[in-house]
Structures are given as structure tokens and as C-alpha cells.
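**Student:** Mind looking over this structure? Questions follow.
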Amino acid sequence: MSALPANLKYTKSHEWVRAEADGSVTIGITDHAQEALGDLVFVELPPVGKAIAAGEEAAVVESVKAAADVYAPLSGVVTAINDAVVDAPESVNQDAFSAWLFKLQPNDAAAVNALLDAAAYQQAIDAE
Amino acid sequence: MTRETVLNAEHRASGAKMVDFGGWDMPLHYGSQIEEHHSVRRDAGMFDVSHMCAVDLAGADCRAFLRRLIANNTDKLQVPGKALYSAMLDESGGVVDDLIVYFLDDTHFRIVINAGTADKDLAWIEARRAEWNLAVAIEARRELAMIAVQGPNARAKALAALPELAAADVLKPFFAAAIGDVFIARTGYTGEDGFEIALPAARAASVWQALAAAGVAPCGLGARDTLRLEAGMNLYGQDMDESVSPLDAGLAWTVDLVSPRDFVGKTALLAHGQQKQFLGLLLEDRGVLRAHQHVYCDQGEGEITSGSFSPTLQRSIALARLPLGVAVGDHVEVDIRGKRLAARVVKPVFVRHGKPLI
């Protein structure tokens, strides 16, 4: 498996989070998550404008094998969704760290700092 | 303690993602289960099915025994090598297991049973033999390896890779032959042509490697499941079990209620009749149908027993147990995470020989 991008933050539930210059955050699922799920065939994303609390179910990704919830890593409002992954769920398998799912405007911009860094997330998946 | 087939090291060397399947450590896929699925539909793929159990029956009372044990009429088997798919039922008419019976001669038959049910099945079979006091020797051939080679090019590639099996070229569908110590059948669980090959474990790895060298793609249980689902083939433990009548699981065609013979479960089947229909569903909205989702029909509620994404149709499909009166072409709704999505009722055979039937 490739090294985890150091510029991203992570969650124990296998989301990655990228803090953008405009204060929003971009969210996807990690390479470890796509690997565990296998071939993805369906992605359901939240509506733009929806307010979501941290830890709440925000999206669903389904592989041939199973369905998995994607949780909001931070509380905030959905500002954009990636329609390209809805049309081509396999793009998440091909490059999980590029194929983002949705963007949030977080209620507390500093909350992203409390998420796992690459080293801590690596430890979390090694411990599974 | 997880059991391993003799091909376990081959799977790991090929980078398989391994999973526990009914107590067996088996390959789920070797990278992409969708690619493996397409290999079988378009070319040739192979599956390690050594976890399944061949059981040899020998003795003067074989026919009398099978006549009572099996829901189909094994007296239909008159040509040596012919195979018959059916089920063993319990007294309440529930399915103990589904299986294939191979007729070798009047005193020799082979049946192949599922991995997860093998211990239970063998106890059941032995108990019936003792109860009926028949002269049948029952031998589980757990030492055999089994490899299924499936796909439009499966037979040609298998025979090219394994010239010692050249005599299998003349096998017709649903026939088998013993060639030396190899038992080769033109059967499968994918809706494609191909062979199922039972052979001594000591040669399994070399046969697997020869098939791979001939361009037969290793395929895992993931592809096996989507292939059998597209072909409309039942999976024991999911589409039926001891709580389900074969008449409610789409298996009426494997049950013979016409001949006068008695068999275990016959009285219960005749008393209860068919209570549900077993049909296919095609999801018209986006999403994925899964087992245990509820189906809402004009005639009442039903339940999905197997569902997934069909790599061939690029749509989600399912097998479902639905109320009587629901017809092919009806529009129904399926509850997926609290939303009611639209699905169409179809015949439960979605793809055969590479061709969509929907």
C-alpha cells in the first residue's frame, strides 16, 4: 500500500480530510477503506446545503460486497459534492485520495487540527 | 480453527484477499472481483472449490437409498456420467442442502455437497442409511481437491493445459467422466460452459498453475457470488435453508412430486404446497439491492434473499421471495435505508452464456 499523504488529516472511521485555503474541508475515504470494501459500484452523497454533525452519517459507499457509511469528520454545512464519483464509483478504487466525495464548511475551522495526522492514522490501521 | 484447501498457498502467492467462508480460509478476490467476473463471462476463469465435499455412495442399495433421500427422482439418471441437481429435505420439507448427484453405475453414485453444511449433511445421510438399514457405503472424499474452470473458452483452455483430460472433450452438458484418478464434469455455478474437476490433492497445485499458464484467470468467491446470482442460481444458507420449502425457493423444478416413490419431506410439501414465489428483481433507481431488504408489492410484502450489483448488466439485481400473485413485469418498491426505491419483477435468470436476458 502506498504511503499516506502527509498533507491530509484522517479519522479512525477511515475518512480523509483536506483543509482548503478558503476555510472549507474536502472529504473522501482512505485507500485502506477502498481496499477493504473492494470494487465500489454505488455512491450516495448528501444534498448541498445540508447541516451535518461530526460523527453523523453523511454519505454511503457500496461495493459489490457491502455497504458502508461515510461519517462527517467535522460539524458543518455541505457546500459541494463530487458528481463524478457518483457516475464512476470505481474512481475511488483507482485513487482514493483524489476521488473526493463532498466538501463541508466547518462550524469550527480549528476542529480539523484535532483529527489524526498520517502517522496516527497509520498506527490506527496497523492496530486493526 | 480455520480450514485451508490444498491451494491456499497458491492463492496467497497470487495476492488474494482471503476471507473466512463457512470455516474455510478462501480467496475473496485477487485484486478486482468485477474483473474476475468479466473473465468468466468473456473468456475463462477458475475457482478453488475444494472446500466443497464429494461423497461417494457404493453398494447394492444405492438407488433405493437415493430414491428416498433426494427430492428429485434419481431414477431419471440412466446414462453413466449423468448429473442431476436437487436437494435433500427434512421431514418438514425444509432444505437440508442442495447438491448434485452423479450417476456412475447402478452401485456407484457421487454427490457433491456444500462446504458449510458438509458435517451436518454427512450425519443426516448416515442417519437415514441406518434408519432404512440399506446396503450403502458412504465415503466422504475430503482428500480430493476441486477446481471449477468456467467461461466461453474454459473447456478449450482447460483441455489445452491438461492434455491428459483430452477424453473430456466429448462430455455433454451435465455429464461427467472418470479419467484415471480425475473426475471431470461439464457442470458449474456461473451460467457459463466449463468443467468442474475433482482430483488428488497432490496434483492440485500443478493443475492450477497449468491452467493459469493457459490464460485461465484465478477468481475468488466474490465473483462466484455475482456470477451465480446473474445466472439465477440459489445459494444455500441465503436463498434457502431448513426453514424454507424448495417450492418457495424457486427449486420446484428439482423436486419430483409425480412419481409414486416416497421421499423425505414429500408429505410436508404436498400438505403445505407453495406459499411464496421466488422471482428476480431489477432495481430501476440507483442503489444496490441486498439480502433481507423488504419488498413492497400490491399483494403484500416480500424479502430479498440475495442481492448485489450485476457487473454484466451494470445494474443491481436480486433474488426475492414474494407473495403469490406477483407477476413478471410488475413494479414493486424496495426499502433501502428507509427509502422506497423502484424495482421491476423479472424472471430469475439475468444472464446466461455471456448474454443478458433482461
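Derivation of every value follows stated rules applied to the coordinates shown; laboratory data play no part. Quantities reported herein were computed from a predicted structural model and do not represent experimental measurements. As a convention, Cβ positions derive from the backbone with ideal geometry for all residues, glycine included, and neighbour counts pool all protein chains shown.
**Student:** For a label point 7 Å from the Cα of A:Ala109 along Cα→C-beta, name the residues of the stretch A:1-32 whose backbone N is under 20 Å from it.
**Tutor:** Zone members listed by number: A:7-10, A:17-27.
**Student:** Given the options B:Ala291, B:Val349, B:His331, identify the residue whose Cα lies farthest towards the positive end of the charge dipole of the stretch B:286-358 (+1 on Cβ of Lys, Arg; -1 on Cβ of Asp, Glu).
**Tutor:** B:Val349
**Student:** Here is a further query. Assigning unit charges at the beta carbon (Lys, Arg +1; Asp, Glu -1) and nothing else, what dipole magnitude in debye, to the nearest 20, does the protein assembly as shown show about its Cα centre?
**Tutor:** Numbers: 43 positive and 64 negative charges, 233 e Å.
Roughly 1120 debye, rounded to the nearest 20.
**Student:** How high is the FRET efficiency from A:Asp22 to B:His292, r the C-beta distance, R0 35 Å, rounded to 0.05? Walk me through the numbers on the way to the answer.
**Tutor:** Numbers: r = 43 Å, r/R0 = 1.24.
Step by step, r from the Cβ atoms, then E = 0.20.
**Student:** Suppose each label sits 7 Å from its Cα in the direction of the beta carbon; what would the B:Gln274-B:Ser92 distance come out to in nanometres?
**Tutor:** 2.3
**Student:** Which one, B:Gln238, B:Tyr30, B:Pro152, projects farthest toward the positive side of the charge dipole computed for chain B from Cβ point charges (K/R +1, D/E -1)?
**Tutor:** B:Pro152
**Student:** Hand me the GluC sites (Glu not before Pro) from the stretch B:3-52 located in a DSSP loop with no more than 16 other Cβ atoms within 10 Å, in residue order please. Intermediate results must be reported in sequence, preceding the final value.
**Tutor:** Details: sites: B:Glu4, B:Glu10, B:Glu35, B:Glu36; in loops: B:Glu4.
Counting only loop positions with at most 16 other Cβ atoms within 10 Å, the GluC sites (Glu not before Pro) in the stretch B:3-52 are B:Glu4.
**Student:** Name the most mobile residue of B:Glu303, B:Glu196, B:Glu284, meaning the one with the largest mean-square fluctuation, in a Gaussian network model of chain B with Cα contacts below 10 Å.
**Tutor:** B:Glu284
**Student:** Determine, from the Cβ-Cβ distance of B:Asp75 and B:Glu242 and an R0 of 35 Å, the FRET efficiency 1/(1 + (r/R0)^6), rounded to the nearest 0.05.
**Tutor:** Numbers: r = 26 Å, r/R0 = 0.74.
Taking R0 as 35 Å, the efficiency between B:Asp75 and B:Glu242 is 0.85.
**Student:** Under the rule of at least 5 residues apart or a separate chain, name every residue whose amide H is placed under 5 Å from the amide H of B:Gln293.
**Tutor:** Here the answer is B:Ile304, since their amide H atoms fall under 5 Å of that of B:Gln293.
**Student:** List the aspartates and glutamates whose Cα sits under 17 Å from the Cα of A:Lys103, skipping any in the same chain fewer than 8 residues away.
**Tutor:** Correct list for A:Lys103: A:Glu15, A:Glu20, A:Asp22, A:Glu44, A:Glu56, A:Glu57, A:Asp69, A:Asp83.
**Student:** Using the basic label-point model (7 angstrom from Cα toward the beta carbon), what is the B:Ala252 to B:Asn133 distance in nanometres?
**Tutor:** Rounded to a tenth, the inter-label distance reads 3.9 nm.
**Student:** Run the Debye formula on the Cα coordinates of the stretch B:167-297, all scatterers equal and no solvent, and tell me log10 I(q)/I(0) at q = 0.09, 0.16 1/Å.
**Tutor:** The Cα Debye sum returns log10 ratios of -0.43, -1.06.
**Student:** I would also like to ask the following. For B:Glu35 and B:Asp262, what is the calculated FRET efficiency with R₀ set at 51 Å and r taken between the beta-carbons, to the nearest 0.05? Write out the running numbers ahead of the final one.
**Tutor:** Numbers: r = 49 Å, r/R0 = 0.95.
With R0 = 51 Å, the Cβ-Cβ based efficiency is 0.55.
**Student:** Taking 28 Å as the cut-off for C-alpha to C-alpha distance, list the pairs among A:Lys50/B:Lys17; B:Lys157/B:Lys347; A:Lys50/B:Lys339; B:Lys76/B:Lys157 that go past it. Before the final figure, lay out each step's value.
**Tutor:** Details: A:Lys50/B:Lys17 37 Å; B:Lys157/B:Lys347 32 Å; A:Lys50/B:Lys339 18 Å; B:Lys76/B:Lys157 32 Å.
Flagged as over cut-off: A:Lys50/B:Lys17; B:Lys157/B:Lys347; B:Lys76/B:Lys157.
**Student:** Quick check: residue separation of B:Asp61 and B:His108 times 0.36 nm, minus the Cα distance between them. What number comes out in nm?
**Tutor:** Working: separation 47, 0.36 × 47 = 16.92 nm, distance 0.97 nm.
Working it through step by step, the gained length comes to 15.9 nm.
**Student:** Hey, another quick one. Considering only the other residues whose Cβ falls under 13 Å of the Cβ of A:Leu45, what net charge follows from Lys and Arg at +1 and Asp and Glu at -1? Show your work: numbers first, answer last.
**Tutor:** Working: positive: A:Lys50, A:Lys103, B:Arg286; negative: A:Glu44, A:Glu57, A:Glu62, A:Asp69, A:Asp83, A:Asp87.
Neighbour charge sum, excluding A:Leu45 itself: -3.
**Student:** Take peptide A:59-68, look around each residue's Cβ out to 10 angstrom, count Cβ atoms belonging to other protein chains, and average those counts.
**Tutor:** Numbers: counts 0, 4, 0, 7, 6, 15, 11, 3, 5, 0.
So the per-residue partner count for this stretch is 5.
**Student:** Work out the mean other chain Cβ neighbour count within 10 Å for the residues of A:34-41 and drop it here as an integer. Intermediate results must be reported in sequence, preceding the final value.
**Tutor:** Working: counts 0, 1, 1, 0, 9, 13, 2, 11.
Average neighbour count from other chains, rounded to a whole number: 5.
**Student:** Once label points are set 7 Å from the Cα along Cα→Cβ at both A:Glu56 and B:Ala13, what is their separation, rounded to one decimal in nm?
**Tutor:** 5.3
**Student:** Tell me, what HN-Hα J-couplings in whole Hz come from the Karplus equation 6.51 cos²θ - 1.76 cosθ + 1.60 at θ = phi - 60° for each residue of the stretch B:267-282, using x for Gly and Pro?
**Tutor:** 4, 5, 4, 5, 6, 8, x, 8, 10, 9, 10, 10, 9, x, 10, 10
**Student:** Of B:Pro80, B:Leu69, B:Val96, whose Cα points farthest to the positive end of the dipole of the stretch B:54-129 (charges on the beta-carbon: +1 Lys, Arg; -1 Asp, Glu; origin at the Cα centre)?
**Tutor:** Of the candidates, B:Pro80 comes out farthest on the positive side.
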